[in-house]
């Protein structure tokens, strides 16, 4: 069984026991999260699709840790003008473990 769930404005396909990387959630490690914005449930008994969300469905997750993503280098350049700018950036993410998908 898997579910399509909306977390912080983005959609993820989740299965019980999976660990997924989402945008930073302002919670301590070990905190329980509950998402009611389930877009679809697919299992052995068929599929349910919401309009926009499936009634009574929820996903329970636990925050594992906060991590930083890959370093992104931004380089701006205008030829023949002597203009060069370099800037770096690392996005912060949270790892969450899917504990339960409830119907």
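Every number here is computed from the coordinates shown, using simple stated rules; none is lab data. Everything quoted here is computed from the prediction, not taken from an experiment. Cβ sites come from the backbone with ideal geometry, for glycine too, and all protein chains shown count toward neighbours.
List of remarks:
- 5 Å binning of all Cα-Cα separations within the chain, expressed as whole percents from 0 upward: 3, 12, 19, 17, 13, 9, 7, 6, 5, 4, 3, 2, 0
- For region 4-63: rounded, prolate or oblate by the Cα gyration tensor [a/c cutoff 1.5]: prolate
- Residue exposure sequence - 37, 94 - by fewest surrounding Cβ within 10 Å: 37, 94
- Computed extension length for residue 80-residue 15: 18.1 nm, one decimal, from 0.36 nm per residue of separation with the Cα-Cα distance subtracted.
- Gaussian network model of the chain, Cα within-10 Å springs - most flexible of 51, 29, 40: 51
- Listed residues 93, 12, 75, most fluctuating in the chain (Gaussian network, C-alpha, under 10 Å): 75
- As a rough footprinting exposure proxy, the listed residues 95, 24, 39 were ranked by other beta carbons within 10 Å of their own, and the order from fewest upward is 24, 95, 39.
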